[in-house]
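Below is one structure; the comments refer to it alone.
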Amino acid sequence: MTTAGETSVPTTTGPLDEVHREQSARLVDHLVDHGPATRSELAAATGLGRGAIAGLTARLLDAGVLRQGSAEVTGDHRTAPLTLAAADHVLVTAHLGPDDAIATIAALGGEELARFTAPLRQETAPDGEAAAAPSPLELLAVVLGRAIARAERAARPIADVTVLVDGAVAGSPSVVLTDERLGIEPVDVLGELRARTPGLAEVEAALPVPIVLVPTAVAAASVELNGPASRDLLYIAGDTGIVGAAVIDGLPMRGAHGLAATFAHLPIVPGGVRCSCGQRGCLVTVASPEVVLERAGLAEFAAAHGRLAALDELVVRVDAADDRARWSWLDAALWIGRSLQLVAPTLDPATIVVGGYWAALIGDIETSFRDNRPTVGGGALESIPAIVASRHGGEAAVAGARRQARDRLVSEPLLLAG
């Protein structure tokens with residue numbers, strides 16, 4: 001018998017149906033965020049009735065997703081706290097930042113526990129010659145291996161491994177292409193990492209879900225959905241390369257070949273220079289961070305202090321009306337704005353979110369974009385879409401990757417069986 005409005009949940013360990021999977025996900029989501037809770041606390045937090053909670057918790061206990069503590073005072077198991085069997089599991093995220101290969105370890109709730117970095121800048125040998133530098137993928141394998149080793153030493157099982165890339169992800173098995181650091185041609189990033197990373201094969205065999213390869217812009221866009229931005233948005237940034245992602249009704253637009261929102265390679269400049277992709281006049285040829293820093297006279301600064309420091313210095317100089325920096329940036333902003341003039345009417349996003357160092361100079365991008373807007377409807381279209389700065393800065397992609405990993409696991413609660 002069930003109370004009106006409640007759903008009975010059989011205590012078998014077979015697959016969950018859609019309703020029970022959604023209810024279980026709400027329960028598990030609360031435990032990820034808040035730790036152990038009694039059945040009464042779970043009912044209050046999730047809005048589910050006591051009968052539904054009783055059935056769900058029995059099912060998840062049987063499946064090994066939950067563990068039950070002791071009821072020290074009353075001896076009634078219903079008052080005993082419940083905890084996730086996988087509460088000690090961690091999320092591993094690896095990516096190539098502006099200056100470093102980075103791998104992080106985070107708790108299921110997203111709190112960072114450890115970070116490992118290896119500089120991407122080429123070192124100089126004592127004789128003044130440039131020393132042979134490891135490839136970006138070799139360095140990414142190094143930091144990923146360190147993260148795996150740390151998790152093993154801490155006895156923290158790995159629940160998810162996500163690798164972030166700037167390029168597009170296409171095909172099955174997935175390859176990466178149009179990535180400025182990895183090359184225009186397709187690269188089997190996961191295959192390379194499997195071959196180079198000690199312990200990755202063993203970790204992968206024990207994962208509840210396969211290793212995930214995600215474009216940085218897609219991950220960064222996903223975390224913006226939890227804020228004031230609409231479920232229909234376009235995300236753009238230009239720190240490591242020029243990246244873009246479109247999100248439609250809360251889901252990333254992938255395209256038939258994984259190339260949707262390939263913002264860097266819009267052939268925007270008439271008669272422009274030849275791009276490495278084979279086209280002429282791509283946005284990347286006039287607005288990539290390397291191009292902007294070179295034209296601003298900051299290439300040597302970047303070589304000495306790193307790209308992030310150079311981009312920060314660029315923003316300072318632009319704000320100070322330094323002629324060379326201002327000219328370099330305004331030329332890039334002009335083409336970024338014109339690219340948005342093409343993309344925005346096509347996708348019709350409610351919001352354009354600008355990340356990275358572009359966010360600090362968002363006014364110039366918006367000025368360029370608004371310079372050529374439709375005047376139909378009494379000018380109503382001039383003010384849309386809204387253009388806003390990312391709330392997460394350089395950590396947007398990592399934060400988004402962790403959120404996506406958590407959602408993958410929570411949405412299928414049986415994956416979290418101990």
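A few remarks follow.
- T367 of a type in the set (S, T, N, Q) and under 26 Å from the mean Cα position of the chain (by Cα): no
- Residue list for the range 156-178, filter: more than 11 Å from T216 (Cα to Cα) and assigned to a strand (DSSP E or B): I158, A159, D160, V161, A170, V175, V176, L177
- Selection count, the range 157-180, where residues are buried (at least 17 other Cβ atoms within 10 Å of the Cβ) and more than 20 Å from L259 (Cα to Cα): 4
Here is a yes/no grid of residues against (1) more than 21 Å from S40 (Cα to Cα); (2) at pLDDT below 90; (3) surrounded by 20 or more Cβ atoms within 10 Å (Cβ to Cβ):
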residue: I53; (1), (2), (3): no, no, yes
residue: G64; (1), (2), (3): no, no, no
residue: S70; (1), (2), (3): no, yes, no
residue: D76; (1), (2), (3): no, yes, no
residue: T79; (1), (2), (3): no, yes, no
residue: L84; (1), (2), (3): no, no, yes
residue: D88; (1), (2), (3): yes, no, no
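- Among helices (runs of 4 or more DSSP H) entirely within the range 247-306, having at least 1 residues that are touching a Phe, Trp or Tyr at 6+ places or on another chain (Cβ under 7 Å) and either among the aliphatic types (A, V, I, L, M) or assigned by TED's automatic domain parsing to the domain that holds R338 (or both) singles out 284-287, 289-295.
- Residue match in the range 350-370 (condition: out of contact with any Phe, Trp or Tyr (no Cβ under 9 Å at 6 or more places or on another chain), at positive phi and crowded, with 19+ Cβ neighbours inside 10 Å): yes
- Of all residues in the range 255-310, those satisfying the criterion of being among the charged types (D, E, K, R) and free of Cβ contacts under 8 Å to residues at least 60 places away in the same chain are R274, R280, E290, E294, R295, E300.
- Checking each residue of the range 13-34 against the condition of being buried (at least 17 other Cβ atoms within 10 Å of the Cβ), at pLDDT below 85, assigned to a helix (DSSP H, G or I) and on the phi < 0 side of the Ramachandran plot gives at least one match.
The values are calculated or read from the model by the stated rules, or taken from the named source; none is laboratory data. None of these values were measured; they are calculated from a predicted model. No Cβ is skipped: glycine too gets one built from the backbone with ideal geometry, and neighbour counts run over all protein chains shown.
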